[in-house]
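Enquirer: Before I ask anything, here is the structure I am working with.
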Amino acid sequence: MHFEDLDLDAAILEGIKALGYQKPTTIQQQAIPVALDGRDLLASAPTGTGKTAAYLLPALQHLIDFPRKKPGFARVLIMTPTRELAYQTYEQAKSLAQFTELSLGVITGGINYGSHHEVLNKNNDLLIATPGRLMEYLENETFNPLDVELLILDEADRMLDMGFLKEMDRIAAETKRRKHTWLYSATLEGASLIKFARQIMPDPAEVYASPPRREKQKIQQWIHLADDYDHKFKLLVHWLKQEETQKSIVFVKTRERLQTLIGQLQSEGLKTCWLQGEMPQHKRNQAIDAFHQNKVSILVATDVAARGIDVDDVTHVINFDMPRKADVYLHRIGRTGRAGKKGNALSLVEAHDMEILSKVERYTDQKLARRVIESLKPKHKAAKVPVKKKKKKVNTATPAKKPKKPKKPKKK
Ligand code: AMP
């Protein structure tokens, strides 16, 4: 992947070139498209992975895509734990934005108020701040958080370690008109971090600079190539009837698909419960309870419906249909291998799924084992990834941005 593939403004691409970045790092490849799509983000990326540019680039793009209508306070607010980091981030932001018209500022402790007033009083697009000093300005109303559209919390785990939970809670509450939140942390494994993230973001996309340890070590992943629906069904039944498959979640792509499949599984003598979108709450609870209490050992679900279910002893996650996005794959398989147990995640892959399969493999940075069951061999062993048409490159010599389809502002 190249920076030109990322749908960034020509002026930003020039900034990237000036800094000498050749190609996006892993976290940049993962985070930038998702961020530009308007999703909230929960990103695991330690220092040194290029995480700063991973959020600065889409933040600058946001400011260009949605130009300000009247002068005012910062529309992008970046919180960092320390002064040093704030200044480093500011320097990088200035370099990346040098060919744009955007105005950037930084405020930290240890600097006299006079110079901050200049930052806060003039028209400002993007502000980088440390928590303590920002609180003082909120207190005396020198800074108005209501203009903030995008809140970025950098090194959130470190901010929590340094005891800034109260400040982070407050800034999240006061920037209540924001449309997006991106949280960056070295890892996403701390309980207090997860709790905080859950409170401020209802449904973030998760991105990782490298695959999270828990998935890598504890979940065995593989795929079966399949010719068509019937072939997938036979593979599914094969696995569901294995003794080792004690408790499984089967993911399907649509509600219609779900209904067909549960009917077919029942005629195979396999008892299932299911979750689908727009299910009455009591039915949903019934299904989850049955699965939880091991009355039924197979749960069939769509992604939306499976959100938020938390069952510890799932032995197998089966992707009957592949997800559309790589981060959803990681979400799904994260439902097995919990609480220190080993888990299994298998995917049934048709020829048209090869593209998403290769995205998943790039995203998780591993090739998934191809397994074959002797009696259920696929006819087409080597389904090839369809060759993609080359994307039109953005002409960096043209300052005007190609028209983009308008994005709908996301409601909080
Ligand atoms: P960070 O992880 O944000 O602290 O970045 C680590 C270093 O990598 C910084 O010096 C960045 O300027 C640099 N950097 C960020 N993105 C890239 C890239 N795509 N290619 C080369 N260097 C980069």
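The values are calculated or read from the model by the stated rules, or taken from the named source; none is laboratory data. Predicted, not measured: the structure shown is a model, and the values here were computed from it. FYI the Cβ positions are ideal-geometry reconstructions off the backbone, even for glycines, and counts take in every protein chain you see. Side chains are part of the model used for accessible areas, which takes the heavy atoms of the whole protein and leaves out ligands, DNA and RNA. Shrake-Rupley method; radii C 1.70, N 1.55, O 1.52, S 1.80 Å.
Enquirer: Against the definition (surrounded by fewer than 21 Cβ atoms within 10 Å (Cβ to Cβ), free of Cβ contacts under 8 Å to residues at least 40 places away in the same chain and out of contact with any helix residue (DSSP H, G or I) (no Cβ under 8 Å at 6 or more places or on another chain)), how does residue 189 come out, yes or no?
Expert: no
Enquirer: Could you tell me how many of the residues in the stretch 83-105 are among the hydroxyl-bearing types (Ser, Thr, Tyr), open to solvent by 20 Å² or more (accessible area, probe 1.4 Å) and either within 16 Å of the ligand (Cβ to nearest atom) or touching a residue at least 40 places away in the same chain (Cβ under 8 Å) (or both)?
Expert: 4
Enquirer: Also, quick follow-up: Could you list all residues from the stretch 153-194 that are out of contact with any strand residue (DSSP E or B) (no Cβ under 8 Å at 6 or more places or on another chain) and of a type in the set (Gly, Ala, Ser)?
Expert: 163, 173, 190, 191, 192, listed by residue number.
Enquirer: Identify all residues within the stretch 17-31 that are in a helix (DSSP H, G or I) and over 23 Å from the mean Cα position of the chain (by Cα); write none if there are none.
Expert: If the condition is that a residue be in a helix (DSSP H, G or I) and over 23 Å from the mean Cα position of the chain (by Cα), then 17, 18, 19 are the ones that fit.
Enquirer: Right, another one. Looking at the stretch 290-311, is at least one residue without any contact (Cβ under 8 Å) to a residue 24 or more places away in the chain and closer than 16 Å to residue 332 by Cα?
Expert: yes
Enquirer: Out of curiosity, is residue 110 modelled with pLDDT of 90 or more, more than 25 Å from the chain's Cα centre (by Cα) and more than 19 Å from residue 58 (Cβ to Cβ)?
Expert: For residue 110, the condition - modelled with pLDDT of 90 or more, more than 25 Å from the chain's Cα centre (by Cα) and more than 19 Å from residue 58 (Cβ to Cβ) - is not met.
Enquirer: Give the residue that is farthest from the ligand (Cβ to nearest atom), with candidates limited to residues of the stretch 34-81 that are part of a loop (DSSP other than H, G, I, E, B), open to solvent by less than 20 Å² (accessible area, probe 1.4 Å) and within 25 Å of residue 194 (Cα to Cα).
Expert: If we take residues in the stretch 34-81 being part of a loop (DSSP other than H, G, I, E, B), open to solvent by less than 20 Å² (accessible area, probe 1.4 Å) and within 25 Å of residue 194 (Cα to Cα), then 38 is farthest from the ligand (Cβ to nearest atom).
Enquirer: Right, something else. Restricting to the stretch 40-58, name every residue that is of a type outside the set (Asp, Glu), out of contact with any helix residue (DSSP H, G or I) (no Cβ under 8 Å at 6 or more places or on another chain) and touching a residue at least 40 places away in the same chain (Cβ under 8 Å).
Expert: 44, 46, 47 - these are the residues of the stretch 40-58 that are of a type outside the set (Asp, Glu), out of contact with any helix residue (DSSP H, G or I) (no Cβ under 8 Å at 6 or more places or on another chain) and touching a residue at least 40 places away in the same chain (Cβ under 8 Å).
Enquirer: While we're on this one: Take the conditions of a type outside the set (A, V, I, L, M, F, W, C), modelled with pLDDT under 95 and in contact with a Leu (Cβ under 8 Å, 6 or more places away or on another chain) and apply them to residue 144. Does it pass?
Expert: No: the conditions fail for residue 144.
Enquirer: Do any helices (runs of 4 or more DSSP H) entirely within the stretch 120-207 hold 3 or more residues that are under 21 Å from the mean Cα position of the chain (by Cα) and in the same structural domain as residue 365 (by TED's automatic domain parsing), and if so, which?
Expert: Filter on the stretch 120-207 gives an empty set.
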